Amino acid sequence: MRPNLSVDYGSSNLIASLQPDRGAGSSYAVGSSVRFLLTTRTAGYVTLVSLDPGGNSNVLVRSAYVNAGTTSFPRAQDGAASFSVAPPRGYQRVRAIFTRARPGTDLYFQGSYDQGRWNDATNGYVQGYAPADRDVQETSFYIR
């Protein structure tokens, strides 16, 4: 089991936790639903991006405003009733990118990424924000 990972891009500890509803490192069967619990220490905007076992990335939630405290995703107001687990099977990563200020541009993560390119894309996005106003945290689960 891999624990939550805080990705260091000058993060300021604005995200207290991020985990799938069964806990970090848990497993989900193809076709089942997964929710994500995000706890933040302050209000701001969050984008959730996934990186599947095949290296493909997608935006799950884009620039959603959250109050301080715990928010469960997906939310109906963000246009999704649930996230359905789909192949490929293996280690699935989800990254929360949080900023205090409303993003001026949308974050687009679509296509194939290796670890370095995925980190570079996240880093490039948050560099426009002061270190005290941004945070990135990652969690994972297994698709079976």
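Quick notes on this structure:
- Condition check for LEU48: in a strand (DSSP E or B), within 13 Å of the chain's Cα centre (by Cα) and either touching a residue at least 40 places away in the same chain (Cβ under 8 Å) or surrounded by fewer than 19 Cβ atoms within 10 Å (Cβ to Cβ) (or both): yes
- Of the residues making up region 1-23, those that are buried (at least 17 other Cβ atoms within 10 Å of the Cβ) and modelled with pLDDT of 95 or more are LEU14, ILE15, LEU18, GLN19, PRO20.
- Test: residue in region 104-113 that is modelled with pLDDT of 90 or more and part of a strand (DSSP E or B): no
- Unmet requirement for GLN77, which otherwise passes all of (1) part of a helix (DSSP H, G or I); (2) surrounded by 17 or more Cβ atoms within 10 Å (Cβ to Cβ): (2)
- So VAL94, is it surrounded by 15 or more Cβ atoms within 10 Å (Cβ to Cβ) and either more than 25 Å from VAL126 (Cα to Cα) or polar (S, T, N, Q) (or both): no
- Among the residues of region 12-45, those that are of a type in the set (Ser, Thr, Tyr) and in a loop (DSSP other than H, G, I, E, B) comprise SER12, SER26, SER32, THR42.
- Selected residue (criterion: modelled with the highest pLDDT) from residues of region 114-132 that are within 14 Å of ASN58 (Cα to Cα) and touching a strand residue (DSSP E or B) at 6+ places or on another chain (Cβ under 7 Å): THR122
The values are calculated or read from the model by the stated rules, or taken from the named source; none is laboratory data. If you're wondering where the values come from, they're calculated on a predicted model, not measured in any experiment. Counting neighbours? That spans all protein chains shown, and the Cβs are built from the backbone with ideal geometry, glycine included.
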